[in-house]
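This report concerns only the one structure given below.
The values are calculated or read from the model by the stated rules, or taken from the named source; none is laboratory data. Because the structure is a prediction, the values reported are computed rather than measured. In this analysis, Cβ positions are derived from the backbone assuming ideal geometry, glycine residues included, and neighbour counts consider all displayed protein chains. Keep in mind that these areas ignore ligands, DNA and RNA; they rest on the heavy atoms of the full protein, side chains included. Shrake-Rupley method; radii C 1.70, N 1.55, O 1.52, S 1.80 Å.
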Amino acid sequence: MLTSRRIFLAGLGAATVLKSTGASRAAGPRPKLILIILRGGMDGLTAIAPITDPHINTLRPHLVPKNAIALGGGFAAHPALKTWAGWAKGGQAGFIHAIAGPYRDRSHFKAQDLLETGADAVPGRDGWLARALERRPGLSALSIGPAQPLILKGAQNASSWSPAVVAPASDDTLMRLASLYADDKLLRAALEKAVETNAVAGEMGGAMRQGGFGAAGAIKAQMAGAGRLLKAQDGPDIAVIDIDGWDTHGGQINRLGRMLTALDDGLATLKSELGIMWQSSAITIVSEFGRTVRDNGGGGTDHGTGGLALLAGGQIKPGQHGDWPGLSSRALYDNRDLAPANDMYALFSGLLTDLYGFDSADLRAVFGPLTPRPISIAV
Amino acid sequence: MTLALAIAHHRFGLGPRPGDLTDRDPEAWLLSQIDPAAAQVSGGSLNSTKDALTDMQGLRNHRAALRSGNLGPEAQAALETMLNASRNSLIQDVRTRTEHGVRTAAPFAERWTRFWANHFTVAATRAETIGLVGPYEREAIRPHVFGRFGTLLEEAVLHPGMLFYLDNHRSFGPSTRLAKRLGRSLNENLAREVLELHTLGVDGGYTQVDVEALARALTGWLPFQPMSLRRKMTGKDVFVSQAHEPGAKTLLGKRYKRDGAGQVKAMLADLAEHPATARHIATKIARHFLSDTPDAGDVAALQRSFLTSGGDLAALAQTLIKRPGALETPFQKVKTPEELMLATARALGPQAAFSKMQRVVQGFAQRPFGAPSPAGWPDTADAWMSPDALAKRVDWASSVARQSKAKPDDFVAAALGPLADDSLNLAIARAESRAQGLTLAIMSPAFQRR
């Protein structure tokens, strides 16, 4: 395995990595890439708020997190992200704001399909990560969840694993069901009662539905499993983890707070399971798009454009990466969304370059004509 | 027409498969399934009742031999194999039944069959019935669901599966020498359930005296020969006259002089045509297919059909389908977990992971052949739509959706067609992921109900 690692390094194109760490990392364990996809469109401006931006309080007065954890540079992390923020302060976590793939039309399905196949208009037939694996036959990947995500479709060297417990449906799904049940008294009453009972049980610290409606337990189980499998001898190099439930059209403050708490707890679990492998890891958390900058008048936000990528792990260069377009009316995309100042595929390319030594020919095989200049995020 | 067809598929069938919602006459489609052949299920090497009883007899003999110490060490291993045989045959039957439910092109015949299998519940909840529930349903129920109720009643009640399930194998005529020698007496379990559940109904006008009379007439119907007779089980010929309480008996005021095996058959034939039975069956049919609180007109029409046709179940099925409003919305019923699982699998198409789906549904609901009591699975929404049950359905739907590659739009087109309303289509269009869209489609009122 080490041999193939050296072969990668020999092919390294990105000077930054070679100069800084190429030699030292060749002797250590092969880097781990953990890609977490938050499905539904996470509101990045809540997770990492540009608190000193002069427009934020007028654009979304009710959605600026209180008690946010200052990160410097005008940004602050939502208090639910306390573990992640601790890492950021300790130099082991960073972020890229205002990031998006080339797609602009705000459909979840399409945006996710494009994000996973690395395309710009028509989703490809296989996943970009599968194409990347093809360039490095020594690498293997694992998806955490019952079905293999599109991003790994077509991959030879990929398997999947999911926790034995049935991951519960998300809060968000239940909210949507509530509106479908508006005219069905029986189903509506059962649903309302179920949500209520579960919430009370949760507050009392009682036994909730497996993982609870908040899905925190399921996320933790996914993260723990991923960490254990990555750390195992001959474990995979890459893991893909799916987390649903980020489409916060309403009740955003509480729901997003719960989701971010669950994510943050999950990350803490992942780190402790990874053990010393944490030092070799690059955790990358992305979503198919961001959300509108203004709130929608219903306590939530609608589908937007520029989103947030959170990064963590021993391989991550700390701080803010990429450009920040700001929230002035001139800067907003379509006068509603955070502008897509940074290219998602540049982040993916940067990861492949920094971690696995992809050169421009490798990247072209993965992203074709969309191949960007990689954003380097590794130390 | 397509709307009525979609209603027919959900209310009377098991949910449409892709391509089922084409332009065809829903009533004619339902009527065409009233056919004994449509109620059959075939599966390669399923055990017969005789096979199951032979296996049980072999097990008894083997155990007796083990006790007497005549056999070598390999005999213990053989015992394990024999113990597993009945369980394996049950697994085969569960698989065959489920796959039939998922694939059948005659889903009304299957629903009708399952109604009767539930009416005459024999569950695999005791050691003796594990190997018998499958053969029981295939041999005693399926061939007779479009025949006469009297035939079905006799076949079901006197089948070894039922005899074991409701303790008739422990029931001996109190005055017989055999009962005295074995220290046994009357067990009225089967007799009571025949009156309460299978025929007259709990308010059908019978008394304890009638229960005992029927129980006495049932003595001698043993699923195997008692050991002390030193004779082997004989399969279908299950009447052991030495265990039968001799003499005439009086049931519901009528005296049954003819003794022996035919006595209880004469009683069952009369019970089958009793007006209370007609009312009980009519109410259960209407409640199962039409509404938890059935319309009095529907019940009366079914009751009339049952009585005037002499319990002709094909005529009863026709009456049901032709009831006014039978092919109209709104849906009054909630699908049971099993119906939900089958409808989901049918709509997802043959590539769906049935066994996985079933494993999950078993976790929260209806284990096939696993009804909790002789009354069978409950048939009203209050049993299936509690807050906890709903939460489990959502979790199940969500896990099925995550494992499926189906597009929500395709699922809705195949499964609901014109039953999908704007709010569902909109909710799916706005779903945050395919899996969520599919979850919402499965959990939509139109799909949860029937």
- Rounded to one decimal in nm, the spacing of the 7 Å Cα→Cβ label points at A:ALA182 and B:ARG63 is 6.2 nm
- Message: Less than 12 Å Cβ to Cβ from B:ALA4, Lys/Arg counted +1 and Asp/Glu -1: what total charge do the surrounding residues give?
- Response: -2
- Item | From phi via Karplus (6.51, -1.76, 1.60), per-residue ³J(HN,Hα) for the stretch A:259-269 in Hz, x at Gly/Pro | 5, 5, 4, 4, 5, 5, 4, x, 5, 4, 4
- For labels at B:THR207 and B:ALA300 in the simple 7 Å Cα→Cβ model, what's the distance in nm? 3.2 nm
- Query: For A:ASN67 and A:SER360, FRET efficiency with R0 = 51 Å and r from the beta-carbon atoms, rounded to 0.05?
  - Reply: 0.70
- Net charge, A:ILE99 excluded, C-beta distance under 10 Å - Lys, Arg +1, Asp, Glu -1: -2
- Expected output for the stretch B:393-433, residues with a loss of 50 Å² or more in accessible area relative to the chain alone at probe 1.4 Å, reads B:VAL394, B:ASP395, B:ARG402, B:GLU432
- Message: If each residue of separation counts as 0.36 nm, what is the full-extension length gain between B:GLN318 and B:LEU3 once their alpha-carbon separation is subtracted?
- Response: 111.4 nm
- Which FRET efficiency value, to the nearest 0.05, is calculated for B:ALA429 and B:ASN88 with the Förster distance at 56 angstrom and r the Cβ-Cβ distance? 0.75
- Message: Going by Cα centres, the stretch B:397-421 and the stretch A:125-162 are how many Å apart?
- Response: 26 Å
- Give me the distance between the Cα centres of the stretch B:22-98 and the stretch B:265-293, rounded to whole Å. 29 Å
- Using 0.36 nm per residue of separation minus the Cα-Cα distance, give me the extension gain between B:SER309 and B:ALA37 in nm, one decimal. 95.8 nm
- Given A:LYS110/A:LYS185; A:LYS193/B:LYS333; A:LYS271/B:LYS407; B:LYS322/B:LYS392, the pairs whose alpha carbons are separated by over 24 Å: A:LYS110/A:LYS185; A:LYS271/B:LYS407; B:LYS322/B:LYS392
- Message: If I model a spin label at A:THR52 and A:LYS82 as a point 7 Å from the Cα along the Cα→Cβ vector, what separation in nanometres do I get?
- Response: 2.6 nm
- Taking amide hydrogens as modeled 1.01 Å from N in the peptide plane, which residues meet the under 5 Å criterion relative to A:ILE316, leaving out close sequence neighbours? A:VAL379
- Item | Cβ-defined net charge surrounding B:TYR206, 14 Å radius [Lys, Arg +1; Asp, Glu -1] | -3
- Which residues in the stretch B:183-206 place their backbone N less than 18 Å from a point set 7 Å from the Cα of B:ASP382 along the Cα-to-Cβ direction? B:202-203
- Query: For chain B, what size does the Cα cloud have along each of its three principal axes, sorted from largest down, in whole Å?
  - Reply: 75, 60, 38
- Alpha carbon convex hull of chain A, projected area averaged over orientations, nm²: 18.6 nm²
- Query: In nm, what is the difference between 0.36 nm times the number of residues separating B:ARG103 and B:SER373 and their Cα-Cα distance?
  - Reply: 94.4 nm
